[in-house]
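Only the coordinates and a few stated rules stand behind these numbers; no lab work does. Note that the structure is predicted; figures quoted are calculated from it, not measured. Note that we place each Cβ from the backbone using ideal geometry, even for glycine, and neighbour counts take in every protein chain shown.
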Amino acid sequence: MTKPGRPGASKGKKKGPTKGTGGKNKRSLEGRGPTPKAEDRAWHPAGKRKAAAERYAAAGGKGAPGSAPARSSRPAKKDDDTETVTGRNSVLEALRAKIPATAFYIAQRVEMDDRVKEMLSIATHREIPVLEVTRPELDRMAGFDGVHQGVALKVPPYEYAHPQDLLEQIIDRGQTPLLVALDGVTDPRNLGAIIRSTAAFGGQGVILPQRRSASVNSAAWKTSAGAAARVPVAIAANLTAMLKEFKKQGVFVLGLDGGGDVSLPALELADRPVVIVVGSEGKGLSRLVTETCDQIVSIPISASTESLNAGIAASVALYQVATTRAQRTSEA
């Protein structure tokens, strides 16, 4: 019994060579060949990135056409130890500070302002590859809550200083040390805000404990608005031991805590070498660090406000120290 066919369908025999027959008239059937690579397909995003890189190379940039730059323009994998700095201020400051960047990403049809022009100029002069990418790709580089403003910079892992080297360099320059140490601050955005405030109020560095601390990652870079390129950050293997060593060298340790015995406006040690220790917003200073401090300083706030977060508390304390130092210098 034959099966009924589709209405209007023709079952006529196919003319010419058919697959599997070996062909006719001694002509074998040829397939379409291997699938072209993504970067060789003009409509594919990888192909568009390759075309952009070739345009850049033709204009005198680095990288030969056909070198498949699309692979290097993709966001770093999770096991990649590089960091992606985003935002116009952060990227520009990193370029100005000559951070050894490996790639500069710019969005297609980005709005050109003086900052973007300077970024392109610096990147070209330093022979940093400039890659034009789509905005969705920059969104992935910046992360879920990142704001890239059309630019991103791939940089190597942050190089931390040693606390003792940092202190010696400050003293060698003839400056009065003003440092900030973090005790249990794990939010990189707070770290970035503290780095920014340290730069704004004349501080010379930030010190982090090796464990239970935020690190200088892309979020910290972004929040610091580029200050991470100017303010050194050091890592202490043991924060308490480091503070004790600093005290032996004449540095006063001031801990910030709501229940402090000294009000910040009445601080008498502002013009001395000091390191301000900031604890986490939830737990505050640890017991060992509290016992190591020369003074526990409180910031007067309204009774309706329970506490300040670490970034704001550090900013207020740095401002007070900087203002007191300026006043006493003018009176001298």
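To the nearest 20 debye, what is the magnitude of the charge dipole of the stretch 130-174 about its Cα centre, counting +1 on the Cβ of each Lys and Arg and -1 on the Cβ of each Asp and Glu?
With only Lys, Arg, Asp and Glu charged at Cβ, the dipole is about 180 debye.
ASP40 to ARG287: extension gain in nm, 0.36 nm per residue of separation minus the Cα-Cα distance?
Contour length minus Cα-Cα distance gives 82.8 nm.
Within the stretch 241-332, list the GluC sites (Glu not before Pro) lying in a DSSP loop whose Cβ has at most 12 other Cβ atoms in a 10 Å radius.
Here the GluC sites (Glu not before Pro) that fit, given the DSSP loop and packing criteria, are GLU268, GLU306.
Using the Cα gyration tensor of the stretch 185-235, with a ≥ b ≥ c the square roots of its eigenvalues, what is the shape: rounded (a/c below 1.5), prolate (a/b larger than b/c) or oblate (neither)?
oblate
Rounded, prolate or oblate: pick one for the stretch 130-180, where a ≥ b ≥ c are the square roots of the eigenvalues of its C-alpha gyration tensor, a/c under 1.5 means rounded, and failing that, prolate if a/b is larger than b/c, else oblate.
It comes out prolate by the Cα gyration axes.
Give me the net charge of ILE299's neighbourhood, meaning all other residues with Cβ under 14 Å from the Cβ of ILE299; Lys, Arg count +1, Asp, Glu -1.
Net local charge, ILE299 excluded: -4.
Suppose each label sits 7 Å from its Cα in the direction of the beta carbon; what would the SER307-THR176 distance come out to in nanometres?
Placing both labels 7 Å beyond Cα along the Cβ direction yields 3.0 nm.
Which shape class, rounded, prolate or oblate, goes with the stretch 243-332 when its Cα gyration tensor gives a ≥ b ≥ c as root eigenvalues, a/c under 1.5 marks rounded, and past that a/b bigger than b/c marks prolate?
Since a/c reaches 1.5 but b/c is at least a/b, the shape of the stretch 243-332 is classed as oblate.
Across all directions of projection, what mean area in square nanometres is found for the Cα convex hull of the stretch 152-242?
Seen from a random direction, the Cα hull of the stretch 152-242 projects 5.7 nm² on average.
Show me 230-241, 201-212, 156-167, 106-117 ranked by packing, highest mean number of other Cβ atoms within 10 Å first.
Per-residue mean Cβ counts within 10 Å order the peptides as 201-212, 230-241, 156-167, 106-117.
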